[in-house]
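Encoded as structure tokens, the structure appears first; notes follow it.
The values are calculated or read from the model by the stated rules, or taken from the named source; none is laboratory data. Remember, it's a predicted structure, so these values are computed and weren't measured experimentally. With ideal geometry, Cβ positions are generated from the backbone for all residues, glycine too; neighbour counts draw on all protein chains shown. SASA here: full protein model, heavy atoms, side chains in, ligands and nucleic acids out. Shrake-Rupley method; radii C 1.70, N 1.55, O 1.52, S 1.80 Å.
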Amino acid sequence: MTPVEPAAAARDRPWIFRTYAGHSSAARSNALYRRNLAKGQTGLSVAFDLPTQTGYDPDHPLARGEVGRVGVPIAHLGDLRQLFDEIPLARMNTSMTINATAMWLLALYQVVAQEQGADPAQLAGTTQNDIIKEYLSRGTYVFPPGPSLRLVTDVIAYAVAELPRWNPINICSYHLQEAGATPVQELAFSICSAIAVLDAVAAAGIGTPERMSEVCRRVSFFVNAGERFVEELCKMRAFVALWDELLRTRYGVTDPAARRFRYGVQVNSLGLTEAQPENNIIRIVLETLGVTLSKNARCRALQLPAWNEALGLPRPWDQQWSLRIQQILAHETDLLEHEDLFEGSVVVAARVDELVASARAEIDRVQAMGGAVAAVESGYLKSAMVSAQADRRARIEDGTQVVVGVNRFTETEPNPLLAELDAAIQPVDPEAEKAAQRAVAAWRAGRDAAAVRAALLELRAAAATTANLMPATLACVRAGVTTGEWTDTLREIFGEYRAPTGVAGATRTTAPGASSTAGGSSTAGVPSSGGEVGAGGRSRADEVRELVVRTRAELGRPVRLLIGKPGLDGHSNGAEQIAVRARDAGFEVIYQGIRLTPAQIVAAAIEEDVHVVGLSILSGAHLDLATEVIGGLRAAGAGDLPVIVGGIIPPADAQRLTRLGVAGVFTPRDFELDAIILNILEVVRSAHGLESS
């Protein structure tokens, strides 16, 4: 008798498969999107370049070296037409990682969709539009918190009224974890951001009691998932509980469907390593499990980084590999055939309860300060995250937190994937920036100048009132206004802002060499690194501090280090950690925050009479920007002032920087902060003719 096959279990629908992508130009990004969609991707996730994110046209001085590097440049309506050419937006689900200029990009998207024949009511997708976390992590804010929050609420009001399938805000905890936040901080700070937004919606009269349910139904989240996938799974279940409780108790939302915690994910990029990068594939798989295993807290959309992102821009093949991970998990396994695997688990329930209780306490602390905006302006949130990141780095350095291939199991065979390193990442077309500059000049020359002036006057007038700015923004799009012109007009009314760096208030609860199991398991017997004990029982940190004292005496004044972040790169984790560690070692550190021009850095170096300049550049613009800083120092008569550079820098570029005169190059492979500080100190000693330590 032939055995009877069991009936196939009903399968849940898979989450939306996305790949975060965009580079060089709208045309090249469009070709990449269409290839990815043909391979089975079911939604788009647009990466914009830094000038677009911070409201500059490609020919602005601050955009130098940044155009098309970390995303696609969009300067006007013509660029977005090209980006979505032959992609029917009425049938697409599009996520746009855009914040300060979210209103502008949503308006561009709507107009392009309408030109394709789509009804705005058909448009489905998300604008991230979460500005609060930009002050804490990525740094792509433009305006002060108050006006920024107005732009956020204007987009929400417009979308709720006119775009019924669009999520107008994506509360984003992803970048909080990338900047060092613990799971409790990620939960608490993002819920506090949501409170700030929903309170602003209510205060503006958008979220009346009868409409608040609809507003909350349209709020989604974008989260991070690290390798500790059991803890990450519990974190997601804690998010579900906290969100449901918040909407019931604070905003009176009675509809359970409106209280559903809806979220998309990009799994952790912070933990991807430059050393033995092939190990990143298993890291990515484990991180994916944390947001897919638990049905009751499963993501609605997922995008995975590529194995080689710590080296540079991934190629289409690398992105395909990450897409296939999702497809295998969804279609080859039985993951989608079962009810929640963790209901009734005593272990999971206890960890969820612990996370919820700790997050509630932190939420209450922030609310007592006046809420998320006040905690941003005071520097509390930023300092808390810089401190958490310092603790994480200390655990990696002393070996308490094992990172395979970095601080343990470092012996390795040659990696055939990296046999030709220059071919292992996607190069950015060196002509892309010049082409974008020519294109935006041609766009300006070919439009109706009177219509542009009228649209910008309308925008300026509306910004000076409390009117919703979306209609005036749509008029600017249709008139041919550029990204930089739209943003500059609002800068005139709203002003600009420099957020606290968080360095002054940052502390480490775990010093290198101290034992700690926070965030990781105990690893007794693991060789230490940053806390390595040297001769006479002294740690590396002790040796550095002693040499700083000696150098200070020999120089006759404190050792002064200027840390500069030129260009538009707002990822400041590395700069902040170097600043904290150098300060703790006895340096005088001058760190003025993000988004400085090379000329400003040169002026600060001379005015502050520093001994060394450290540049932190993670966007890939290191060659252009370092060249400008070194040239500026020489022109100012300070050509002998040593310059060091840190960032995601391929070996060939490191050699070019050295030939330019850079005194030291540091990449993610250099994880021992005390070793970096010692190297910087040796650069200073060499420049002043002091004997080597």
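Within region 26-55, restricting attention to residues that are over 30 Å from residue 143 (Cα atoms) and not in a helix (DSSP H, G or I), which residue is most open to solvent (accessible area, probe 1.4 Å)? Explain how you work it out, then say what you get.
We begin by selecting, within region 26-55, every residue over 30 Å from residue 143 (Cα atoms); these are 27-28, 30-43.
Those still in the list that are not in a helix (DSSP H, G or I) too: 39-43.
Numbers: 39: 53, 40: 28, 41: 10, 42: 77, 43: 0 Å².
This residue is 42.
For region 461-481, name all the residues that are open to solvent by less than 70 Å² (accessible area, probe 1.4 Å), in a helix (DSSP H, G or I) and not β-branched (Val, Ile, Thr).
Matches in region 461-481: 461, 462, 463, 470, 472, 474, 475, 476, 479.
Can you name every residue in region 414-438 that is among the small types (Gly, Ala, Ser), out of contact with any Leu (no Cβ under 6 Å at 6 or more places or on another chain) and either more than 26 Å from residue 481 (Cβ to Cβ) or open to solvent by 50 Å² or more (accessible area, probe 1.4 Å) (or both)?
Scanning region 414-438 gives 419, 423.
Do we find that residue 134 is assigned to a helix (DSSP H, G or I) and on the phi < 0 side of the Ramachandran plot in this structure?
The answer is yes for residue 134.
For region 192-214, state whether one or more residues are in contact with a Gly (Cβ under 6 Å, 6 or more places away or on another chain) and part of a strand (DSSP E or B).
Looking for residues that are in contact with a Gly (Cβ under 6 Å, 6 or more places away or on another chain) and part of a strand (DSSP E or B), one finds none in region 192-214, hence no.
Filter region 482-506 down to the residues that are within 28 Å of residue 382 (Cβ to Cβ) and among the hydroxyl-bearing types (Ser, Thr, Tyr), then identify the one that is most open to solvent (accessible area, probe 1.4 Å).
My answer is 497.
What do you reckon, is residue 87 touching a strand residue (DSSP E or B) at 6+ places or on another chain (Cβ under 9 Å), modelled with pLDDT of 95 or more and buried (at least 21 other Cβ atoms within 10 Å of the Cβ)?
no
Run down 245, 332, 278 and say which single residue is among the charged types (D, E, K, R), surrounded by fewer than 18 Cβ atoms within 10 Å (Cβ to Cβ) and within 25 Å of residue 13 (Cβ to Cβ).
Result: 332 is the single residue among 245, 332, 278 that is among the charged types (D, E, K, R), surrounded by fewer than 18 Cβ atoms within 10 Å (Cβ to Cβ) and within 25 Å of residue 13 (Cβ to Cβ).
Just to verify a result, which residue in region 549-579, among those that are at pLDDT below 95 and in a strand (DSSP E or B), is nearest to the chain's Cα centre (by Cα)?
Only one residue tops the list, namely 566.
Please specify each residue of region 655-674 satisfying the condition of being surrounded by fewer than 17 Cβ atoms within 10 Å (Cβ to Cβ) and small (Gly, Ala, Ser).
661
If I ask for residues that are on the phi < 0 side of the Ramachandran plot, of a type in the set (S, T, N, Q) and in contact (Cβ under 8 Å) with a residue 24 or more places away in the chain, which ones from region 223-282 would you list?
Correct list: 224, 254, 266, 268, 269, 273, 279, 280.
Would you please list the contacts, defined by Cβ atoms under 9 Å and residues six or more apart or on different chains, that run from a residue in region 624-642 that is at positive phi to a residue that is open to solvent by 30 Å² or more (accessible area, probe 1.4 Å) and modelled with pLDDT of 95 or more?
637/606
Filter region 588-618 down to the residues that are touching a residue at least 60 places away in the same chain (Cβ under 8 Å) and surrounded by 21 or more Cβ atoms within 10 Å (Cβ to Cβ) and list them by number.
589, 591, 594, 595, 611, 612, 614
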